[in-house]
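Below is one structure, written out as structure tokens, with a few remarks after it.
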Amino acid sequence: MPAAVRPPEADEETTLASVLRSPRLLRVEVLAGLVVALALIPEAISFSIIAGVDPRVGLFASFTMAVSIAFLGGRPAMISAATGAVALVIAPVMRDHGFDYFVATVILAGVLQVALGVGGVARLMRFIPRSVMVGFVNALAILIFLAQVPHLVHVPWAVYPLVAVGIAVMVLLPRATKAVPAPLVAIVVLTLFTVFVAVSVPTVGDEGELPRSLPSLFVPHVPFTLETLRIIGPYALAMALVGLLESLMTAKLVDDVTDTHSHKTREAWGQGAANIITGFFGGMGGCAMIGQTMINVKASGARTRLSTFLAGSFLLVLVVGLGDVVGVIPMAALVAVMVMVSVGTFDWHSIRPATLRRMPRSETAVMVSTVAVVVATHNLAIGVVVGVLVAMVMFARRVAHFTEVVDVAHPDDDTRVYAVTGELFFASSNDLVYQFDYAHDPRNIVIDMSQSHIWDASTVATLDAIETKYARYGKTVTITGLNASSTERHARLAGHLGGGH
């Protein structure tokens, strides 16, 4: 999807104050919020069905999440609402224990997210490699597209030309004018056409009944006992981790799209606080939504918290006050929007033949494994974890081959000097023990480690084993050249890790 072009005054990082002073920027934020609100409605209803709850639970959750995170979150313009990943994680609680335990799980997950956020879990984002990020983005694009497939099969034939027209509007309109977001125009045009021509196609109203009243305070009636914690604890922890991972990954993606920096720690505890608030209003909880965030940031050009707040506010107004109007929007219009979001989200450069030829195979393997696991499990968190693990293995394997042992000097007939170069850790040091000639070397062995570094106990154990093997032949080993960190680690662990090999 062609990215929305920001007005000239939005070239630098946009602040809420500058938006409120500029009618042009304000229009962008308002219309972006409206488009996102329209896209949220069928998604929230679908996720409610996945979780096994009434559609109002997902819709109200999307409202409270979006409005809360607009004030509490660390990434302006990012959209948080009810999500499929969270719905899948906590659905068993609703099925097996009922709605009160379901809401209690959401609240506990929020508490855990606040604790993890304050504890600095966001800093772990630095350990996610670029290849995993690319795989995350590509897998997300595929999932967004696959989520539209059910709306394109076993449907009246009129759905297909409507989707095609919607896509055409979003591709062609930005070339003529960017005064209003193309997705909003597509939704309005297709809705008016289906209403006035009386075309019978699936609508938003067919997805589920829209609420008629405002959300109210809800306190789950569950006993405050260890048994309750045993029931909801594992699901709450899983929801907290999945929600934080998806939210922080989405925040990092928006950072890249907007060339701005976000406060990941604030985003982490803000997600927790938003889930606590959502739980006490009887919502199903959620996290950042990549599809709607891309509509907001990339397709519509929004940059501030105002668009997020308005998305939640418009959602409530639309479903409660204008439910009858929203109910006649054809699903084909929203499918067209999400298909274009999918196309715009996918990193097409990453799969070009020229890129694949230039990219190391290990990097491609990390990206492909991330995509494959996410698509197979429909769980972004699992895919990212697998991608990071594959990246770690590939990195360890690559670095392990950089270690070398060289015979560098023979000061006299009874002395030989070996030089060890490279980073020494469990993957590279295990073979170190086989690089010396224990039987035929002279009586005095000097191992110069000025060009290496000891990173772990495995390396210290390997050096102990080398000394033990030489001692069996009545020979002595002197280790020299260790830097301060390696010296400290070697002095603390040498001789205390068990017998030699």
Here the residues within the stretch 310-326 that are open to solvent by 10 Å² or more (accessible area, probe 1.4 Å), at pLDDT below 90 and closer than 24 Å to Met170 by Cβ are Leu322, Val325
May I ask you to verify whether Val386 is outside any loop (DSSP other than H, G, I, E, B), surrounded by 15 or more Cβ atoms within 10 Å (Cβ to Cβ), among the β-branched types (Val, Ile, Thr) and under 43 Å from the mean Cα position of the chain (by Cα)?
yes
Met338 fails exactly one of (1) hydrophobic (A, V, I, L, M, F, W, C); (2) open to solvent by 40 Å² or more (accessible area, probe 1.4 Å); (3) modelled with pLDDT under 90, namely (2)
Quick check, is Leu72 farther than 22 Å from His263 by Cα and out of contact with any strand residue (DSSP E or B) (no Cβ under 7 Å at 6 or more places or on another chain)? no
On the basis of being modelled with pLDDT of 90 or more, surrounded by fewer than 24 Cβ atoms within 10 Å (Cβ to Cβ), of a type in the set (S, T, N, Q) and in contact with a helix residue (DSSP H, G or I) (Cβ under 9 Å, 6 or more places away or on another chain), does Ser307 make the cut?
no
Checked pairs for the stretch 276-295, first over 30 Å from Phe346 (Cα atoms), second open to solvent by less than 10 Å² (accessible area, probe 1.4 Å) and in a loop (DSSP other than H, G, I, E, B), C-beta under 8 Å and 6 or more apart or across chains, list as Thr278/Met284; Thr278/Gly285; Thr278/Gly286; Gly279/Gly285; Gly283/Ala82
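One line per residue, one yes/no per condition, for (1) farther than 23 Å from Met294 by Cβ; (2) in contact with a Cys (Cβ under 8 Å, 6 or more places away or on another chain); (3) buried (at least 23 other Cβ atoms within 10 Å of the Cβ):
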site	(1), (2), (3)
Ala77	no, no, yes
Phe127	yes, no, no
Val155	yes, no, no
Val165	no, no, no
Val171	no, no, no
Residue hits (the stretch 18-28; surrounded by fewer than 17 Cβ atoms within 10 Å (Cβ to Cβ) and either touching a Lys or Arg at 6+ places or on another chain (Cβ under 9 Å) or part of a helix (DSSP H, G or I) (or both)) are Ser18, Leu20, Arg21, Pro23, Arg24, Leu26, Arg27
Checked pairs for the stretch 173-195, first under 13 Å from Arg27 (Cβ atoms), second of a type in the set (Val, Ile, Thr) and open to solvent by 80 Å² or more (accessible area, probe 1.4 Å), C-beta under 9 Å and 6 or more apart or across chains, list as Lys178/Val5
Selection over the stretch 29-53 where residues are farther than 21 Å from Pro330 by Cα, open to solvent by 20 Å² or more (accessible area, probe 1.4 Å) and either in a helix (DSSP H, G or I) or without any contact (Cβ under 8 Å) to a residue 12 or more places away in the chain (or both) yields a count of 2
In the stretch 377-413, anything touching a Leu at 6+ places or on another chain (Cβ under 8 Å) and within 19 Å of Thr459 (Cβ to Cβ) is listed as Thr403, Val405
Check your understanding: Is it fair to say Leu192 is in a loop (DSSP other than H, G, I, E, B) and not basic (Lys, Arg)?
Key -> no
Quiz prompt | Flag if Ser68 is within 21 Å of the chain's Cα centre (by Cα), of a type in the set (Ser, Thr, Tyr), closer than 16 Å to Gly285 by Cα and open to solvent by 10 Å² or more (accessible area, probe 1.4 Å) | solution = yes
Among residues of the stretch 211-244 being part of a loop (DSSP other than H, G, I, E, B) and of a type in the set (A, V, I, L, M), the residue least open to solvent (accessible area, probe 1.4 Å) is Val222
Taking the stretch 430-478 and the residues there that are among the acidic types (Asp, Glu) and over 14 Å from Tyr418 (Cβ atoms), the one that is farthest from the chain's Cα centre (by Cα) would be Asp464
When every residue in the stretch 192-210 that is at pLDDT 90 or above and of a type in the set (Gly, Ala, Ser) is compared, the one least open to solvent (accessible area, probe 1.4 Å) is Ala198
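The values are calculated or read from the model by the stated rules, or taken from the named source; none is laboratory data. Since this is a predicted model, take the numbers as computed values, not measurements. Cβ: placed from backbone, ideal geometry, glycine included. Neighbour counts: every protein chain shown. Remember, those area values only see protein heavy atoms, side chains included, never the ligands or the DNA or RNA. Shrake-Rupley method; radii C 1.70, N 1.55, O 1.52, S 1.80 Å.
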